[in-house]
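The values are calculated or read from the model by the stated rules, or taken from the named source; none is laboratory data. Remember, predicted model here, so these are calculated numbers, not experimental data. Methodologically, a virtual Cβ is constructed for each residue, glycine included, from the backbone with ideal geometry; neighbour enumeration extends over all protein chains shown. Accessible surface is based on the protein model in full, side chains and every heavy atom, while ligands, DNA and RNA are left aside. Shrake-Rupley method; radii C 1.70, N 1.55, O 1.52, S 1.80 Å.
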Amino acid sequence: VNSRIAAVWTLRHVNWDAFKAAFGSLLIDPDLREHVIRAATDRKSQIDKSLSSPIFSKLDDGNPRVVAAAVVAMGRMEEARAAKKLLELATPASGSASALPLAVDEKKDAWRLPDPDRVIPHLAVKALVQINAIDACLEALNGPHRAGAIAALKHMHDPKTVDGLFKVLSTSRDESLR
């Protein structure tokens, strides 16, 4: 597997056009999927929006590492159509393990343990900020993805964000939102 991953990265850096041509077939392999997505958005100066649709479909992948790579890729591609899906991912599932305090093992600290229930929402918030998905986040304030929307809006320093928050808060009777 490691040699195939190295071959993907070599192809990406040596021949970008050949990598784009092989992208769809490389994405099929579950062992390579994470690395193929990362390689596709490795250089911001060479991001190709035509690769966004196959990457967008991987936001629902069963492998959390692939989902994480796809979330980061959507942010790097500034793919606005991914905002609603990113809002879903930015909102931690209620009752997830991340909502409970982690037990600290004497040999391992809690922060060293892999926890996709915490990492993926964090990456999704960062991607929403990169996309500058202000409108989608403001719309989500009155829905089930409020927590993710608020987390992203906290990092969007734009007059449109402030004006939108004033508008939403001035018309809302929901005390938990206020």
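Taken over the stretch 35-45, the criterion of being modelled with pLDDT under 95 and open to solvent by 40 Å² or more (accessible area, probe 1.4 Å) is satisfied by D42, R43, K44, S45. Scan the stretch 128-153 for residues that are modelled with pLDDT of 95 or more and over 18 Å from K85 (Cβ atoms) and the total you get is 0. Does D48 count as of a type in the set (D, E, K, R), open to solvent by 60 Å² or more (accessible area, probe 1.4 Å), at negative phi and without any contact (Cβ under 8 Å) to a residue 40 or more places away in the chain? No, not satisfied.
Any idea which of L26, L32 is under 27 Å from A83 (Cβ atoms), open to solvent by less than 40 Å² (accessible area, probe 1.4 Å) and touching a residue at least 12 places away in the same chain (Cβ under 8 Å)?
L26
Here is the figure for the stretch 145-161: residues that are open to solvent by less than 10 Å² (accessible area, probe 1.4 Å) and touching a residue at least 40 places away in the same chain (Cβ under 8 Å) total 3.
Would you tally the residues in the stretch 1-49 being acidic (D, E) and in a helix (DSSP H, G or I)?
2
Any residue in the stretch 116-124 that is at pLDDT below 90 and within 30 Å of S3 (Cβ to Cβ)? Looking through the stretch 116-124, at least one residue is at pLDDT below 90 and within 30 Å of S3 (Cβ to Cβ).
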